[in-house]
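Here the structure comes first, spelled out in structure tokens, and everything after it is commentary.
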Amino acid sequence: MYKLLSLFFISAVVLGCAPRSDKNKTLSPPADTKWVTIGIKLPAGIEALPLNVLYRSDICQRAQYNSAGEKEYIPGFNPNTVGLKQQGNSDIYQAQIALNGGGSCQWQLSEVWMSIIYKKTLNTYSDFKPIPSDRLILIFKDHNYRPPELIKNLIKNGTIKMDYYPLVVDDEFINEKNIFLFNLFDRDQYVLVNNERNILFSPIYNKRNITKVDMPREREKDNVIYYSDGTIEKSSSWTPNYNKLKSLN
């Protein structure tokens with residue numbers, strides 16, 4: 001009996017030293033929480049995907065092992081999907097998100113991921129698959145866990161504006177036909193949120209400035225890029241020249 005009690009006591013002490021697990025994902029924003037309104041102004045021909053919302057908690061943590069095989073704890077994370085709602089008959093779609101998610105873990109808003117996608121129609125490139133754009137990842141400054149060198153200040157007067165161009169790619173090597181929304185960065189962007197409580201993403205869709213790319217079955221051959229002004233370019237890259245696209249607007 002003494003040995004059993006001793007083992008129970010040792011186990012209790014060890015468990016007591018470990019942080020609380022992040023398995024409790026329940027959100028319960030307190031009555032006094034502040035909210036942020038995230039919106040996307042959708043031009044014709046573009047759809048918005050649901051927001052991916054990430055909460056973090058210093059109270060409820062997650063165990064992981066470092067390169068030396070040692071156990072360490074990081075802030076717990078709680079991903080959620082939030083749909084955007086059309087505002088009346090306008091072209092603006094919004095969602096309100098609590099900064100303090102509450103719950104027993106006191107979840108705090110850390111990131112919001114936004115993405116748009118080409119709106120497929122029956123008559124235009126119906127055999128091509130639309131691919132979601134690179135993500136805009138809003139980073140809330142008080143709960144930022146990203147390297148600072150990755151984060152940009154892209155919010156101007158509460159608005160993020162970026163140019164997008166339809167890019168139609170026929171890849172014969174893997175037998176895929178896709179439509180991308182190409183922009184300057186051509187990768188996910190981390191966007192710092194300071195004290196903004198209303199953030200509007202306003203993509204500028206240059207829908208008539210269509211670029212087509214043929215990627216041959218033989219990889220040793222160059223890709224062929226067709227610009228909207230009739231220019232044809234051969235390149236080892238499948239992405240067009242952004243400055244060239246801008247000049248054609």
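The values are calculated or read from the model by the stated rules, or taken from the named source; none is laboratory data. Predicted model only: the values in this text are computed from it and were never measured. A quick note on method: Cβ atoms are made from the backbone with ideal geometry, for glycine too, and the neighbour counts reach across all protein chains shown. When the accessible area is computed, the model is the full protein with side chains, heavy atoms only, and any ligands, DNA or RNA have been set aside. Shrake-Rupley method; radii C 1.70, N 1.55, O 1.52, S 1.80 Å.
Here is a check on your reading of the model: is GLN108 assigned to a strand (DSSP E or B) and touching a residue at least 24 places away in the same chain (Cβ under 8 Å)?
yes
Taking SER57, is it assigned to a strand (DSSP E or B), among the hydroxyl-bearing types (Ser, Thr, Tyr) and touching a helix residue (DSSP H, G or I) at 6+ places or on another chain (Cβ under 8 Å)?
The answer is no for SER57.
Taking the range 83-92 as the search range and keeping residues that are without any contact (Cβ under 8 Å) to a residue 40 or more places away in the chain and part of a strand (DSSP E or B), which one is farthest from ASP58 (Cα to Cα)?
So, considering only residues that are without any contact (Cβ under 8 Å) to a residue 40 or more places away in the chain and part of a strand (DSSP E or B), the one farthest from ASP58 (Cα to Cα) is GLN86.
Please work out which residue is nearest to TYR227 (Cα to Cα), limiting yourself to the range 183-198 and to residues that are open to solvent by less than 40 Å² (accessible area, probe 1.4 Å) and in contact with a Phe, Trp or Tyr (Cβ under 7 Å, 6 or more places away or on another chain).
That would be ASN183.
If a residue has to be open to solvent by 60 Å² or more (accessible area, probe 1.4 Å) and within 18 Å of THR33 (Cβ to Cβ) to count, how many in the range 74-90 make the cut?
Final tally of qualifying residues: 0.
Starting from the range 54-68, take each residue that is within 22 Å of LEU138 (Cβ to Cβ) and list its partners that are of a type in the set (Ser, Thr, Tyr) and open to solvent by less than 70 Å² (accessible area, probe 1.4 Å), counting only C-beta distances under 7 angstrom and pairs at least six apart or across chains.
LEU54/SER110; TYR55/SER110; ARG56/SER110
Is there a residue being modelled with pLDDT of 95 or more and in a loop (DSSP other than H, G, I, E, B) anywhere in the range 63-78?
No.
Restricting attention to the range 91-109, does a residue exist that is open to solvent by less than 50 Å² (accessible area, probe 1.4 Å) and either within 25 Å of ASN241 (Cα to Cα) or of a type in the set (Ser, Thr, Tyr) (or both)?
no
Collect the residues in the range 122-148 that are touching a Pro at 6+ places or on another chain (Cβ under 9 Å) and in a loop (DSSP other than H, G, I, E, B), keeping them in residue-number order.
Residues satisfying the conditions are TYR125, SER133, TYR145.
In the range 140-182, which residue that is under 30 Å from ALA98 (Cβ atoms) and polar (S, T, N, Q) is most open to solvent (accessible area, probe 1.4 Å)?
The qualifying residue most open to solvent (accessible area, probe 1.4 Å) is ASN157.
List, please: which pairs have Cβ atoms under 7 Å, are six or more places apart or on different chains, and start with a residue in the range 169-182 that is aliphatic (A, V, I, L, M) and end with one that is in a loop (DSSP other than H, G, I, E, B) and open to solvent by less than 50 Å² (accessible area, probe 1.4 Å)?
ILE179/PHE128; ILE179/ILE131; LEU181/SER133
Examine the range 26-34 for a residue that is closer than 17 Å to ILE117 by Cβ, under 24 Å from the mean Cα position of the chain (by Cα) and either open to solvent by 40 Å² or more (accessible area, probe 1.4 Å) or not charged (D, E, K, R) (or both), and state whether such a residue exists.
So far as the range 26-34 goes, no, none of its residues is closer than 17 Å to ILE117 by Cβ, under 24 Å from the mean Cα position of the chain (by Cα) and either open to solvent by 40 Å² or more (accessible area, probe 1.4 Å) or not charged (D, E, K, R) (or both).
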